[in-house]
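Okay, structure first, notes after.
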Amino acid sequence: MESGIIFLLIVVVIGGFAFAKYLRDKYLAQRVKEMYDSKHTAYDAILQQYIPYYRNLDAVQKERFLKRALIFKATKHFEFVEMQEEEHMSLLISAAAVQLTFGLKHFLMEHFHKIYVMKRAYHFGLMNVPFQGHVSEDGIYLSWNNFLNSFANYTDGDNVGLHEMAHALAYVNFPEHEHDGEDEVFQYRWYKTFTKIGHNVFDRMQAGEMTMLGSYAATNYQEFWAVCVENFFERPTAFKIQLPELYDAICKLLNQDMLKPGIFLEAVIDDYSQY
Ligand SMILES: [Zn+2]
């Protein structure tokens, strides 16, 4: 009898969670659809203006990109610290995340609910050097002026938006952070290809070898990864010439190749019919 009641309780609780998730998803789909219907022309123009990666996509991929950016934006809480929010800001920050994960199935980085935006570089903790951005347990932090400059100067291998999103993507995918991991394909590829080749280059850089990635990449392995991402997107030709194995490993990892027409190694199928 008692076990019957416990069973019933479990069913009710699981059912409650499932129903809450159903309502949440439905509400999200509704919000994204409304945003898309009322704003997609304006948002397309903003992405076109600011995001070089978006400019190079074909019409079908632009549509997919915009929908992913809207979903990402709708699922995050953006907090503007001592600065006035403007509409394009959260869209562009979402676009940086979507660009990095555009070849992956999972792109929401669900561990992170909050994105903090500061006007300019800021002090954090006991560090003397001002930060352009960082990622911690409670959120992704970005300085807006540096974020904008990064996309305006898109050939120097320096992009704080892509850099911090790279940290966030690593954060949500690795068990050392005590999360289950968001994208199994990403994890598999990371261990299979990137770890071996990446560590080889990183170890050589720590021993003093100079590469096009610059000395900051030798700070630690997480910084190495984030700097690789910046250079992968902004200087793919030089990257492939100087560090071809590492470049190819990142292509496989992200399922994107900046030097390949159509970009993707394998097709990514999204179903956005509800939006
Ligand atoms: Zn970093």
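The values are calculated or read from the model by the stated rules, or taken from the named source; none is laboratory data. Bear in mind the structure is a predicted one, so any value in this text is a computation, not a measurement. All Cβ positions, glycine included, derive from the backbone under ideal geometry; neighbour counts span all protein chains shown. Please note that ligands, DNA and RNA were not included when accessible areas were found on the heavy atoms of the full protein model with its side chains. Shrake-Rupley method; radii C 1.70, N 1.55, O 1.52, S 1.80 Å.
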Note to self: Using a 7 Å offset from the Cα along the Cα-to-Cβ direction at both I10 and T237, what is the distance between the two label points in nm, to one decimal?
What the structure shows: 6.2 nm
Check: For the chain, what % of the accessible area comes from carbon and sulfur atoms, probe 1.4 Å?
Finding: 57 percent
Margin query: Looking at the calculated P(r) for region 214-275, what percent of the C-alpha pair distances fall above 15 Å?
Written below: 55 percent
Margin query: Please compute the contact order of the chain in relative form: average sequence separation of alpha-carbon pairs under 8 Å and at least six residues apart, divided by the residue count, as a percent.
Written below: 17 percent
Note to self: Below 13 angstrom from the Cβ of W144, what's the summed charge of the other residues (Lys, Arg +1; Asp, Glu -1)?
What the structure shows: -3
Note to self: Counting each pair of different Cα atoms once, what's the Kirkwood radius of the chain in Å, rounded to one decimal?
What the structure shows: 20.0 Å
Check: Based solely on its DSSP helices, what 222 nm [θ] is calculated for the chain when runs of n ≥ 4 H residues each add -39,500 (n - 2.57) and the sum is averaged over all residues, nearest 500 deg cm²/dmol?
Finding: -18500 deg cm²/dmol
Next item on the list: Using a 1.4 Å probe and counting only protein heavy atoms, arrange W144, W225 so the residue with the most accessible area comes first.
Entry: W144, W225
Note to self: If the only charges are +1 at each Lys and Arg Cβ and -1 at each Asp and Glu Cβ, what is the size of the charge dipole of the chain around the Cα centre, to the nearest 20 debye?
What the structure shows: 520 debye
Check: Just the accessible area for I6, please: 1.4 Å probe, Å², rounded to the nearest 10?
Finding: 90 Å²
Checklist line | Total formal charge among the other residues, if their Cβ is under 9 angstrom from that of G157, Lys/Arg +1 and Asp/Glu -1 | finding: -3
Next item on the list: Please give the peptides 111-118, 156-163, 48-55 ranked by average Cβ packing (other Cβ atoms within 10 Å per residue), highest first, as a rough proxy for protection.
Entry: 156-163, 111-118, 48-55
Notebook entry, point to check: Once the other residues with Cβ under 9 Å from the Cβ of I93 are scored (Lys, Arg +1; Asp, Glu -1), what is the net sum?
Noted result: +2
Notebook entry, point to check: Which of the DSSP-defined H helices in the chain satisfy a minimum axial length of 30 Å, computed from C-alpha atoms, and a minimum mean Kyte-Doolittle hydropathy of 0.5?
Noted result: none
Item checked: lysines with Cα under 22 Å of K196, excluding same-chain neighbours fewer than 8 positions away -> K240, K252
Item checked: Accessible area expressed per residue, the chain, with surrounding protein chains retained (probe 1.4 Å, Å²) -> 52 Å²
Next item on the list: Could you please tell me the mean projected area of the C-alpha convex hull for region 41-117, averaged over all directions and given in square nanometres to one decimal?
Entry: 5.1 nm²
Check: Given region 1-133, what whole percent of its Cα pairs are spread farther than 25 Å?
Finding: 42 percent
Check: Taking Cα pairs under 8 Å and at least six residues apart, what relative contact order does region 186-267 come out at, in percent?
Finding: 29 percent
Item checked: Alpha carbon Rg of region 93-201, scaled by the compact-globule rule 2.2 N^0.38 Å -> 1.12
Margin query: Could you work out how much longer the chain between D156 and Q274 gets when fully extended? Use 0.36 nm per residue separation minus the Cα distance between them, nm to one decimal.
Written below: 38.6 nm
